[in-house]
1. Note down the nm distance, to one decimal, between modelled labels 7 Å out along Cα→Cβ at B:Arg13 and at A:Ala76.
2. Give the Kirkwood hydrodynamic radius (Å, one decimal) of the range B:108-181, defined as one over the mean of 1/r across all pairs of different Cα atoms.
3. Leaving out same-chain residues fewer than 8 places away, which lysines sit with a Cα under 26 Å from that of B:Lys115?
4. Could you pull the copy-to-copy label distances for B:Glu61, with points set 7 Å along Cα to Cβ, in nm to one decimal and sorted shortest first?
5. Mind checking the full-extension length gain between A:Asp162 and A:Glu279? Use 0.36 nm per residue of separation minus the Cα-Cα distance, one decimal, nm.
6. For A:Asp212, which inter-copy label distances result when the label point lies 7 Å beyond Cα on the Cα-to-Cβ vector, reported in nm to one decimal and in ascending order?
7. Once the label point is set 7 Å along the Cα-to-beta-carbon vector, what list of distances in nm do you get between A:Glu173 and its counterparts in the other copies?
8. Run the simple label-point estimate for B:Glu373 and A:Asp136 please: 7 Å along Cα→C-beta, distance reported in nm.
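FYI, it's all coordinate maths here, none of it is from the lab. The structure displayed is predicted, hence computed values, not measured ones. In this analysis, Cβ positions are derived from the backbone assuming ideal geometry, glycine residues included, and neighbour counts consider all displayed protein chains.
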There are 2 protein chains.
Amino acid sequence: MGQLTGGDPSLLRRINSAVVLHALRAADLATLTEITRVTGLSRPTVEGVVEGLIEAGLVVESDAEESGARRQGRPARKFRFRAEAGHLLGLEIGPHRVAAALSDLDGKILGTASKDVSEAAPADERLERLRTVVADLLRRAGIARSSLRAVGVGSPGIVEVDGTVRLGTALPEWTGLPLGERLRRSFKCPVLVENDANAAAVAEHWKGVATDTDDVVFVLAGLSPGAGSLIGGRLHRGYGGAAGEIGALHLLGREVTPETLLSTTDEPLHPLDEHAVAEVFAHAREGDERAQAAVERFIQRLVHDVAALVLALDPELVVVGGWAAGLDGVLEPLHRELARYCLRPPRVALSLLGEAAVATGALRLALDHVEEELFAVEGTVTARR
Amino acid sequence: MGQLTGGDPSLLRRINSAVVLHALRAADLATLTEITRVTGLSRPTVEGVVEGLIEAGLVVESDAEESGARRQGRPARKFRFRAEAGHLLGLEIGPHRVAAALSDLDGKILGTASKDVSEAAPADERLERLRTVVADLLRRAGIARSSLRAVGVGSPGIVEVDGTVRLGTALPEWTGLPLGERLRRSFKCPVLVENDANAAAVAEHWKGVATDTDDVVFVLAGLSPGAGSLIGGRLHRGYGGAAGEIGALHLLGREVTPETLLSTTDEPLHPLDEHAVAEVFAHAREGDERAQAAVERFIQRLVHDVAALVLALDPELVVVGGWAAGLDGVLEPLHRELARYCLRPPRVALSLLGEAAVATGALRLALDHVEEELFAVEGTVTARR
């Protein structure tokens, strides 16, 4: 009788800590009195929490920073959030390039770097290339590796929660690669591995063409197409990380692959051969009828795949990226055909971030991870189902 | 300088109120001291919040209820949550029947009722039939209409946020019907209208075959199939409420409707003719080759539709309901074919709730709405994106 079962003390400490940190991060500077008033917490609770945050290096007393110039009469102490207390990396490991972006705890981007890599490069060579890019970037920015709080990684394939690539045919030696584990050897902080289309969706929502919507499907329209979805502003990975893997949709009664669809000869194009694809599109623009027919077939296939996604998910916006971005003539037919097939056709737009999308999204995922630890109380004080 | 921007006082009052109510709901009885300790809020804050909750009728002082038998020496006052402070209704409006379920604020079901209705009945007649069912149910349970806090409704079609049916071909006069507005005339509380497959998905997750997973697709496998999805335990409606409307998928290169697929003559079956469908399935079981071929075609079509949903969403579990539930032979081929098409095939199960699924899910949605108002602080103190 009279037992309050909600009373996990460590959970409550975490909630109170998050509330105070959130208030401090939203303000420039705040006194203990102001924090007490805004949060509704008791003065001793606020004092305890702020002390803990200072010990963790996340908060600093403002006066303590400024040497000298102390005012008389012991003015109220003021505190601020330290965005420089940690850093994040976003990495892309793609078929043709590896790339990295660096930010502080407020998500302010401090630098980027990238290097080309052969599409035939084995996994070790690809990862070594990535390590070089990261080392260069950190050195140039003057940030110590020990300051990294989390690293996000975007790469093709279905990725398990632990960062193992369950299936990834786009890169050599990728299927079965314990990518998270391999990268954790280079970093002392959490490493989050994510499908590249998923990362790109997050990026377009953060800083790209999808900032005004929370319901967006990003289609990475390559020869091996994939898709990433945000639902209510959150990434939808699916139960096994396989959501949006529309590459298999062509098995549903349409056995033809994009490599065959886009070919203007009897031989299918080589998978990932972006150069050959760009040529087909260029020839089509120049009036080559065979190329035009190939592009038309490709667009019909893209429409079908995207329509199935739209029917299942009903997004507000579809963003098309990958090498199809920048190619003329994809948007208009996509929009027109979706209007035919879908009860509520979505808006359609090209990627704004282009090549930077995957690394930027990976960075945002790393930042999300850190913010979740620092700020999240979500799901802890809400109703049980 | 020094401004704390998180300081919306009404929001903070709401958060504190939710925290206290949540703690009280989890406990049988609690004193002010216990609430103060568990929540970390100050004593004056807790006193103010509890007073407000008593005024709102949601909390009662335990001693105050018991007439006489007051103990000496003013023992600490104890408080409890009043589950009987309000009631919820879940309604189903289907092609062949209307149904209702009634519960208290803890979701305990107090009674159910239903009536058959002609599939040709116009909207007015169908709604009048529903009103009779509701009036009977309330009278039998001895619950005043004024005690209703929210009403959930499940019905076929794409439903707007305001409860207008954007598109609903399964019921006469349904497309364009302001269903929410019409029902709000009968109730003084919020009325939430939801697609029937969505409601059924919620029900299976709450009390059916999907209680052990948060990632489930419910397929209402009728002649006009629809689907509802839970992602991370939350209903996924889509941006325009059209998510899962896989009925249009057959336009994607397969122009054949289920009515044609299941026909054993040259004429398609009448839409919604469940009797004729049951006959075809029965004949198939008896060895009729034409019927077996029809069922085989129907199952292939179902597999294709479900596979597209699974590729887009990657659920842990697919639940099959509607009139296909109970029919032998759907699960096994569905499971086998999904394993062929999907990179990560989901589990497949038949609906546990059967006919009760839609009304039960509608009730849960009404309860969610009330709980959100009472308890939710989610999204208010978490990190900005």
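1. 2.2
2. Computed over the range B:108-181, the radius equals 13.7 Å.
3. Here the lysines satisfying the reach criterion relative to B:Lys115 are B:Lys188, B:Lys207.
4. So the label point of B:Glu61 gives 4.4 nm to the other copies.
5. So the extension gain works out to 38.2 nm.
6. 4.7
7. Result for A:Glu173, in nm, nearest copy first: 7.1.
8. So the two model labels end up 6.0 nm from each other.
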